[in-house]
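The values are calculated or read from the model by the stated rules, or taken from the named source; none is laboratory data. Computed from a prediction, not measured in an experiment: that's the story for all the values here. Heads up, the Cβs are rebuilt from the backbone with ideal geometry, glycines too, and the neighbour counts pull from every protein chain shown.
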Amino acid sequence: MVQELLKGLGITFRRMFNKPVTLKYPDEKMPMFPRFRGRHHLQRYDNGLERCVGCKLCAAACPADAIYIESDENRPGHRVSPGERYASTYEINMLRCIFCGYCEEACPEDAIVLGKDYEFATYNREAMIYTKEQLLDGPEKGFGEPYIRSGAKPPSYA
């Protein structure tokens, strides 16, 4: 019994002088791995038009059925995307999402990408349904090239 106690105390004393492995979370954030998949982002082109053309392929590819899209037609005075259609409603239920990346792979326009954001804390379930306005990247994030797949050029619809 005493031998086991001394063995346990020996482990404790050896570990007492090691550097702690924890981070001071709000101040220090853990670096993410290159292939980490976090919060979704809807991309735009350089001219500000949305990349999403409302094809609903991402919703069809989602195994968790977390994506809901309603499409509408582009009008001459109200142009949202370069195609004939655009997503008038785009919602992702983050409580259902399993961050598999199938939506990103299914998108022919590279409109949706999974970024590196991982802080989703909230007090109610309704706040976990991200709308199109929350997902769209604005001018402060920069338009143009997607985060992950670089080199995608906007299609010419001239």
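Here are a few things to note about the model shown:
For (1) over 29 Å from P26 (Cβ atoms); (2) acidic (D, E); (3) touching a helix residue (DSSP H, G or I) at 6+ places or on another chain (Cβ under 6 Å), each residue gets a yes or a no:
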| position | (1), (2), (3) |
| --- | --- |
| R51 | yes, no, no |
| P63 | yes, no, no |
| E70 | yes, yes, no |
| Y90 | yes, no, yes |
| R125 | no, no, no |
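- Tally, over the range 52-73, of residues that are closer than 17 Å to P108 by Cβ and either touching a strand residue (DSSP E or B) at 6+ places or on another chain (Cβ under 8 Å) or surrounded by fewer than 15 Cβ atoms within 10 Å (Cβ to Cβ) (or both): 11
- In the condition set (1) basic (K, R); (2) more than 25 Å from K29 (Cβ to Cβ); (3) surrounded by 12 or more Cβ atoms within 10 Å (Cβ to Cβ), K116 is compliant with all but (2).
- Residue in the range 16-37 that is closer than 17 Å to A111 by Cα and surrounded by 13 or more Cβ atoms within 10 Å (Cβ to Cβ) present: yes
- Only one of the numbered conditions (1) over 19 Å from E133 (Cβ atoms); (2) at pLDDT 90 or above is violated by K19, and that is (2).
- The number of residues in the range 53-84 that are within 24 Å of F120 (Cα to Cα) and not β-branched (V, I, T) comes to 9.
- Scanning the range 72-105 for residues that are under 14 Å from L42 (Cβ atoms) and small (G, A, S), we see that the one that is modelled with the lowest pLDDT is S81.
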